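Data first, discussion second: the structure below is written as structure tokens.
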Ligand code: FES
């Protein structure tokens, strides 16, 4: 018989409701025993291992090995490890974009953590949207959890240089579009860009979110940069299993004790110091929102002006994630930023961040991780822009942009949608010069394309052929963390919500000032009001997840989370 007092832990936690808890516990044990578990095993704390392998997710190829290593750690400490799947989001395998499904995955993680008999959990992910989805789910479920990332791929030598996804993907595609390399060569390169298990090899979105997970201290120290195929990652996985077992016994710390407004500020500081992906701004806002924390874009500007770029990694710099690992990892970066971080933040280890960082790193490669006083770039990588074209904000990654384009007024060349863009961008007839601003509309969160990574508009072919490498590009879309250029993103409200962007026409003048953090549409209010009169909101799909998405998705400054998933959202 089960003692009703002990039904809040282990296998009898979260019982199925038959109106008779004793029966539910008896039935559950019976079915669990059908899988070969002994009563001794079933009497132990249960560590869930949330996995997300998929034949459609190359970045999670190493997951079976990580699961085995986590299990080893749990068993060492006397717990019962049980793995279970959630959906997986393979960045390049989802249409229209993985962003549409991030919130769906977060709901899957949250609900499975809350519904199953789990005392603590190790959650494993890696690819761009997977880790934010898992952190959002963990934050909402609020049971003791550790995030384990799959880790970055290795860049590989290729004809005298290194190749790694995905900054090099873009570099070579740009050359191909400009006619500098042949079909045969681009085919060859296609097979050499991503050759090991793991996530993209540069400081793209996946690596940025791995670093953010480490500074949010939802992962164990050193977890961000260890390459996917390195034995240290398996040892880290084993340690995650051990630590999760301790958390199951103590029942703490809870994610909402760890993800505080101070921890979010720490994450922003690191995001800027690593010149991380613009996508992380959206994901951080969503994670913060799950914990009842606001993340005003003005905060980014304040921290950006105080925080230099310290790491020399692609796409801003020269190196790959494996070099960051060898140079001292994120821990060495955190040491440089120590005076800017809130060191009293609680971590998954139960210590404070300050205690984590009590010992200085033994060795740091200064080619990759610079000293705070001798930075790679003087100011943080990202800033928010505001103005009549972006009343609630837009983002530019200044560290990866051409500073000669920062202070200028340009003529808008407008594309109404992604379809319009792809049908006209390479046309010889396109009326465009390198001084124009390319503007893409209807690629934001409320658009049919659900805010894809399309903000990195290609340079029109006829300009690329003349050697033009960068132009000002403006949209409500996102950009891959592996891309670079003078690209203004996340313009909000987006065009499909009737934001100012919806009313820009080819020939309008737009003023960009990175110094003043401004983005203005130089069209009179009267003229804009006239244009607004004929605007009609797009139709919403009539059923299914797509309907839920369009009815409830928020704008970029709120993280594009569903409005009802934010913490304590009033109905
Ligand atoms: Fe998964 Fe780049 S495609 S991290």
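The values are calculated or read from the model by the stated rules, or taken from the named source; none is laboratory data. On a predicted model such as this, the values are computed, not experimentally measured, just so you know. Here Cβ is always computed from backbone atoms with ideal geometry, including for glycine, and neighbour counts include all displayed protein chains.
Side notes on the structure shown:
- Considering residues of the stretch 234-257 that are buried (at least 24 other Cβ atoms within 10 Å of the Cβ) and over 18 Å from residue 356 (Cβ atoms) only, the residue nearest to the ligand (Cβ to nearest atom): 237
- Residues in the stretch 79-91 that are near the ligand (Cβ under 9 Å from one of its atoms) and surrounded by fewer than 18 Cβ atoms within 10 Å (Cβ to Cβ): none.
- Note on the stretch 301-316: residues that are in contact (Cβ under 8 Å) with a residue 40 or more places away in the chain, in a helix (DSSP H, G or I) and out of contact with any helix residue (DSSP H, G or I) (no Cβ under 6 Å at 6 or more places or on another chain) amount to 3.
- Of the helices (runs of 4 or more DSSP H) entirely within the stretch 135-244, those holding at least 3 residues that are touching a residue at least 40 places away in the same chain (Cβ under 8 Å), touching a strand residue (DSSP E or B) at 6+ places or on another chain (Cβ under 7 Å) and closer than 23 Å to residue 322 by Cβ occupy 205-215.
- Complete set of residues in the stretch 191-207 that are away from the ligand (no atom under 13 Å from the Cβ) and either within 22 Å of residue 469 (Cβ to Cβ) or surrounded by 14 or more Cβ atoms within 10 Å (Cβ to Cβ) (or both): 192, 195
- Residue 210 vs. criteria within 16 Å of the ligand (Cβ to nearest atom), within 30 Å of residue 259 (Cβ to Cβ) and out of contact with any helix residue (DSSP H, G or I) (no Cβ under 9 Å at 6 or more places or on another chain): no
- Test: residue 217 is within 16 Å of the ligand (Cβ to nearest atom) and either under 14 Å from residue 163 (Cα atoms) or buried (at least 24 other Cβ atoms within 10 Å of the Cβ) (or both): no
- Note on the stretch 111-132: residues that are in a helix (DSSP H, G or I) and either modelled with pLDDT under 95 or surrounded by fewer than 23 Cβ atoms within 10 Å (Cβ to Cβ) (or both) amount to 4.
- Identity of the residue in the stretch 511-545, farther than 20 Å from residue 439 by Cα and touching a residue at least 60 places away in the same chain (Cβ under 8 Å), that ends up surrounded by the most Cβ atoms within 10 Å (Cβ to Cβ): 545
- Test: residue 349 is out of contact with any strand residue (DSSP E or B) (no Cβ under 9 Å at 6 or more places or on another chain) and assigned to a helix (DSSP H, G or I): no
- Top-ranked residue of the stretch 18-31 - restricted to ones that are surrounded by fewer than 18 Cβ atoms within 10 Å (Cβ to Cβ) and touching a helix residue (DSSP H, G or I) at 6+ places or on another chain (Cβ under 7 Å), ranked as nearest to residue 63 (Cα to Cα): 29
- Residue 452 vs. criteria buried (at least 17 other Cβ atoms within 10 Å of the Cβ) and more than 30 Å from residue 377 (Cα to Cα): no
- Search result, residues across the stretch 118-138 that are farther than 10 Å from residue 52 by Cβ and away from the ligand (no atom under 16 Å from the Cβ): 118, 119, 120, 121, 122, 136, 137, 138
- For residue 43, the conditions (1) more than 30 Å from residue 232 (Cβ to Cβ); (2) within 16 Å of the ligand (Cβ to nearest atom) all hold with the exception of (2).
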